[in-house]
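Remarks on the structure that follows.
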């Protein structure tokens with residue numbers, strides 16, 4: 001199965017094509033913003049470098065969060081629109097699923113930074129058992145993270161050094177993992193943003209004056 005995988009939830013914009021375990025193309029551009037303008041071009045380039053046409057894509061895998069609110073929205077919206085145009089399934093893969101290494105056994109915790117500034121440190125976290133999802137992604141503060149770590153046989157992720165005495169291996173979302181998860185998803189039920197929490201942005205309050213000028 002030829003799968004187009006895309007990821008815009010972090011500080012990069014990337015797209016690639018996988019057929020089984022074989023990577024046909026993979027393009028990654030570091031960026032903090034502007035994913036919406038670069039993603040269509042990067043995707044087109046990935047398809048061309050794979051020697052394919054868009055109508056040869058059989059499924060789309062979108063890393064659907066949690067992560068940057070805007071990045072999540074951009075990636076999922078683009079994937080869903082392209083999926084409609086190509087009449088193919090769009091599989092939404094969580095950032096934590098895409099970070100899970102291959103062939104893990106036992107209870108495995110994957111955690112990625114959500115809030116990086118003290119005292120409000122938090123992580124996106126998800127538990128897996130023998131490589132399968134054991135729950136949905138959650139946001140955990142430092143106390144909750146220590147509890148989750150205590151339940152896990154192995155811990156993978158990023159930004160965990162602040163948790164003293166926690167043994168973990170570094171991991172981050174990979175398109176190759178997103179493509180593998182997508183093989184087992186045969187409908188669009190999971191093709192939705194996984195925000196986990198509300199955006200940090202607060203709508204600006206406008207004051208209305210009744211005074212005549």
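When 106, 131 are checked against the criterion of being closer than 20 Å to residue 182 by Cβ, touching a strand residue (DSSP E or B) at 6+ places or on another chain (Cβ under 9 Å) and at pLDDT 90 or above, 131 stands alone in meeting it. Please verify whether residue 81 is within 27 Å of residue 136 (Cα to Cα), exposed (fewer than 15 other Cβ atoms within 10 Å of the Cβ) and at pLDDT 95 or above, treating the condition exactly as stated. Yes.
In this structure, is residue 102 outside any strand (DSSP E or B) and touching a helix residue (DSSP H, G or I) at 6+ places or on another chain (Cβ under 8 Å)?
Working: outside any strand (DSSP E or B): yes; touching a helix residue (DSSP H, G or I) at 6+ places or on another chain (Cβ under 8 Å): yes.
For residue 102, the condition - outside any strand (DSSP E or B) and touching a helix residue (DSSP H, G or I) at 6+ places or on another chain (Cβ under 8 Å) - is met.
Considering the conditions (1) farther than 17 Å from residue 7 by Cβ; (2) assigned to a helix (DSSP H, G or I), residue 109 is excluded by exactly one of them, (2). For the range 177-187, a residue qualifies if it is surrounded by fewer than 17 Cβ atoms within 10 Å (Cβ to Cβ), part of a loop (DSSP other than H, G, I, E, B) and touching a strand residue (DSSP E or B) at 6+ places or on another chain (Cβ under 8 Å), and the qualifying residues are 186, 187. Here is the figure for the range 142-176: residues that are within 15 Å of residue 66 (Cα to Cα) and assigned to a strand (DSSP E or B) total 1.
Among the residues of the range 118-148, those that are over 21 Å from the mean Cα position of the chain (by Cα) and either touching a residue at least 60 places away in the same chain (Cβ under 8 Å) or surrounded by 14 or more Cβ atoms within 10 Å (Cβ to Cβ) (or both) comprise 142, 144, 146.
Put simply, of 27, 60 the only residue that is crowded, with 17+ Cβ neighbours inside 10 Å, under 26 Å from residue 110 (Cβ atoms) and without any contact (Cβ under 8 Å) to a residue 40 or more places away in the chain is 27.
The values are calculated or read from the model by the stated rules, or taken from the named source; none is laboratory data. Computed from a prediction, not measured in an experiment: that's the story for all the values here. Please note: Cβ atoms are built from the backbone with ideal geometry, for glycine as well, and neighbour counts cover all protein chains shown.
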